[in-house]
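Report on one structure; see the data block that follows.
The values are calculated or read from the model by the stated rules, or taken from the named source; none is laboratory data. The model shown is predicted, which means the values in this text are computed figures rather than measured ones. Positions of Cβ are generated from backbone atoms using ideal geometry, with glycine treated the same way; all protein chains shown enter the neighbour counts. Areas reflect the complete protein model, heavy atoms only, side chains present, ligands, DNA and RNA absent. Shrake-Rupley method; radii C 1.70, N 1.55, O 1.52, S 1.80 Å.
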Amino acid sequence: MTTYPPEPWDLRGNGAITVWHVDHDRLPILPKGTRPLTVAGRAVVATAFVRYDERGLMGYHELLAAVVVRHGLQPALSITDIWVDSEVSMAGGRGLWGIPKQMATFDVGYRSWSAATPEGMAAAAEVEPTGGPDLRLPITVPGRVVQTLDGRTVASRIRAGGRVRRARTRWDVPADGPLGWLAGASPMAHVLTPDFAMAFGSGTRR
């Protein structure tokens, strides 16, 4: 059995994030007690390629897709698909928070990312900054991730902050791949996070 550090996980890194409009009937199954948050009648989904580095608890690569949901009175994220190249991260994500991490192989260049799974390529992205000043967010920006853990819907705290930069991102999501439900979705916004810090989990549930 793979062992993993206790929560919270303090992580540092950089990444590329895109927010999408997705039709409700294309969404994966969400945790009980949640419902998609809608904008103009469609769900909001975030995808991200992330590179965590050794300044934090551990270094690894990640690709994720998360649906913006309502859980009670507050919005939250529910991670439906996620791949990493660290067995420790995979085991900890599943055991601590119910995050359905799977293993993938990553190819990361200066401004390009891709993740290959046993079922085929999950996604690839090419990213280009669009100029302008970075927006710096404080580390105290809070959030929640809502998942299914041991048959229960649980909400875990997350705090993140750092630099955010506008970008253009071209995603390639194969329709017959594991993220095929996103193929043909409409991107709304793209940002780079050249340097961020994140504290995930707290040891308590809400």
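Restricting attention to the stretch 162-206, the residues being more than 14 Å from residue 46 (Cα to Cα), in contact with a His (Cβ under 7 Å, 6 or more places away or on another chain) and open to solvent by less than 40 Å² (accessible area, probe 1.4 Å) number 1.
Between 51, 70, 94, which is under 13 Å from the mean Cα position of the chain (by Cα) and open to solvent by 40 Å² or more (accessible area, probe 1.4 Å)?
Details: 70 fails: under 13 Å from the mean Cα position of the chain (by Cα); 94 fails: under 13 Å from the mean Cα position of the chain (by Cα).
Answer to the check: 51.
The residues on offer are 16, 40, and the sole one that is among the small types (Gly, Ala, Ser), out of contact with any helix residue (DSSP H, G or I) (no Cβ under 8 Å at 6 or more places or on another chain) and farther than 25 Å from residue 126 by Cβ is 40.
For beta carbons closer than 8 Å, sequence separation of 6+ or different chains, a first residue in the stretch 74-97 that is under 20 Å from residue 122 (Cβ atoms) and a second that is assigned to a helix (DSSP H, G or I), the qualifying pairs are 82/93; 84/90; 84/93.
Inspect the stretch 151-161 for any residue being farther than 18 Å from residue 69 by Cα, in contact with a His (Cβ under 7 Å, 6 or more places away or on another chain) and in contact (Cβ under 8 Å) with a residue 40 or more places away in the chain and give the result as yes or no. No, that holds for no residue.
Considering only residues of the stretch 143-157 that are small (Gly, Ala, Ser) and in a strand (DSSP E or B), which is surrounded by the fewest Cβ atoms within 10 Å (Cβ to Cβ)?
We begin by selecting, within the stretch 143-157, every residue small (Gly, Ala, Ser); these are 143, 151, 155-156.
This time we only want the ones that are in a strand (DSSP E or B), so: 143, 155-156.
On the way: 143: 15, 155: 21, 156: 24.
Per the stated criteria, the residue is 143.
Tell me which residues, restricted to the stretch 31-73, are free of Cβ contacts under 8 Å to residues at least 60 places away in the same chain, in contact with a His (Cβ under 9 Å, 6 or more places away or on another chain) and aromatic (Phe, Trp, Tyr). Selection gives 52 alone. Does at least one position in the stretch 6-19 carry a residue that is open to solvent by 40 Å² or more (accessible area, probe 1.4 Å), within 25 Å of residue 187 (Cβ to Cβ) and either touching a residue at least 24 places away in the same chain (Cβ under 8 Å) or in contact with a His (Cβ under 8 Å, 6 or more places away or on another chain) (or both)? Yes, the stretch 6-19 has at least one match.
A single entry from 48, 40, 65, 76 fulfils the requirement of being in contact with a strand residue (DSSP E or B) (Cβ under 6 Å, 6 or more places away or on another chain) and either at pLDDT below 95 or under 19 Å from residue 176 (Cα atoms) (or both): 65.
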